[in-house]
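The values are calculated or read from the model by the stated rules, or taken from the named source; none is laboratory data. All figures in this text were calculated on a predicted structure; none of them were measured in a lab. Note that we place each Cβ from the backbone using ideal geometry, even for glycine, and neighbour counts take in every protein chain shown. Note: accessible area is taken over every heavy atom of the protein model, side chains too, but ligands, DNA and RNA are not part of it. Shrake-Rupley method; radii C 1.70, N 1.55, O 1.52, S 1.80 Å.
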Amino acid sequence: MDVLSSVVNWIVSLGASVFLPIVMFIIGIIFGMKPGKAFKAGVMLGIAFTAISALNSALLSGTIAPVAQTAMENSGTGLEFIDVGWTPASMIAWAWPLAATVFPLQIIINLIMLALNWTDTLNVDLWNVWTKIFLAAIAYTATGNLLLAYVVASVFVVAELKLGDLFAKDVQDSTGIPDVTCTHSGLANVLPVMPIAYLVDNLPFLKGKTYDAAAIQKKIGFLGDPSVIGIVMGIIIGLVAGKDIAGCLKIAIAVASYVIVLPRIAQLFSEALMPISNAATTFMKARFPGRKFNIGLDWPILTANPAVVTSSVLLIPVTILLAIVLPGNKTLPFGDVANLCAFIIGAAVLFRGDIVKTFITGIPIIIVGLYSSTTIGPLFTQLAASVGYEMPAGASAITYFKAGPFIWDVVMAVEGNWFVFVPLTILFAVGFWMIYKFYYKPRNAKAAEAEK
């Protein structure tokens, strides 16, 4: 166990910007790429992740998030559980004594499902295994049952792979990169709100239309430009936070920069992954005729989708308002209040860049997120204390806002709250079915017809 923990901790310490390029280099070699080309592809992937990390650090964490947090504090709500954000949440998850055992579990499940033809997704986003560790650790904290913890983690590993299958075509259309998909846990957030998402998609004034950045700009002129939207939202956030004119203008430029620059960085992912994708296609056609593999990656490959970034910015003040007015909510969305991109990727991909539909569907996703994080607050606080996490100044209870609805469902089952568990579980099943029935199946049939 000590050896396994040491190996896994070393891998984790590398971070996605170093670990994933190494993995992609190895995959490139396996798929028959020349070492030089595989090396370049891996390096470009590392550059892409580093560029996004630098942008997030400079603009999101360094400028936008503190202002959004001030706005949240100024609300004077006195909410019980402070959201610590994904970085501390991942640290707490990795500090769980049995964290290292979940790492090989995810790999083994993925390989078995590939061998049995139960999935077409090869998930190389191994750094984000921490989300499954988080689920297992919360389940174990709630029950003390290690077997149940592994079952919970395993079920979500399978769910991520199946979501990767269902969203593969939409991810490829969004990114322009063949043979890739996204396996980030954020995709699952759309599942319990799929009936609402389908209703939004079929509203008379939205059905059959796509209000992406170009369409909105055409409709309302320069006011629909993402940079202008960023400016307006930045000013609103600044005003709510009590900033003066200069402060509002600074945050406005920061938000506009984030909205414009992040999607452009996504082009680096295309440059990195296209050669590996082509090599994978050639390899699979030669050795496994009729079989197709999709490489599962982290959510930043989706930043080329305009709805991911623009809608997340639009949802910042909405999140603050919902946290204040929702009855029963005890979550103060602090750490991730300005980092909602990964939270709404399911809706953004499903609606193929439609900002309006993604924004509207993002509201119930945020609501579910607030109630989910409120539910796990006591258990997460207990887990953090057990691994020696030092609480933020002035905080006695913490939570993770983007924990997702799956862990809410698990906790409700453990606590015997069938009035929430049963309908939430049904919504998960219905969500999978609706994505398959109304989006995956017709879109893939249409693509197959077009190839004839």
field: Residue list for the stretch 132-158, filter: in a helix (DSSP H, G or I) and open to solvent by 20 Å² or more (accessible area, probe 1.4 Å)
entry: Tyr140, Thr141, Ala142, Thr143, Leu146, Leu147, Leu148, Tyr150, Val151, Ser154, Val155, Val158
statement: Selection from the stretch 367-393 of residues within 25 Å of Ser53 (Cα to Cα), surrounded by fewer than 24 Cβ atoms within 10 Å (Cβ to Cβ) and in contact (Cβ under 8 Å) with a residue 40 or more places away in the chain yields Tyr389, Pro392
message: Contact list please: Cβ distance under 9 Å, first residue in the stretch 26-42 and among the β-branched types (Val, Ile, Thr), second residue in a helix (DSSP H, G or I) and open to solvent by 20 Å² or more (accessible area, probe 1.4 Å), pairs at least six apart or on different chains.
response: Ile29/Pro35; Ile30/Phe283
query: Can we say Val259 is more than 20 Å from Thr121 (Cβ to Cβ), buried (at least 24 other Cβ atoms within 10 Å of the Cβ), without any contact (Cβ under 8 Å) to a residue 60 or more places away in the chain and hydrophobic (A, V, I, L, M, F, W, C)?
result: yes
- line: Only unsatisfied item for Leu111, checking (1) in a helix (DSSP H, G or I); (2) open to solvent by less than 60 Å² (accessible area, probe 1.4 Å); (3) closer than 30 Å to Leu273 by Cβ, is (2)
message: Looking only at the stretch 321-337, filter to residues that are under 30 Å from Ala214 (Cα atoms) and open to solvent by 10 Å² or more (accessible area, probe 1.4 Å); which one of those is nearest to the chain's Cα centre (by Cα)?
response: Leu322
statement: Residues in the stretch 401-429 that are open to solvent by 50 Å² or more (accessible area, probe 1.4 Å) and among the acidic types (Asp, Glu) total 1
message: Could you check the stretch 203-250 and list, in sequence order, the residues that are at pLDDT below 85, surrounded by fewer than 16 Cβ atoms within 10 Å (Cβ to Cβ) and more than 20 Å from Val261 (Cα to Cα)?
response: Lys218, Lys219, Ile220, Gly221, Gly242
- prompt: Which number in (1) farther than 26 Å from Thr399 by Cα; (2) in contact (Cβ under 8 Å) with a residue 40 or more places away in the chain marks the one condition that Ile133 misses?
  reply: (1)
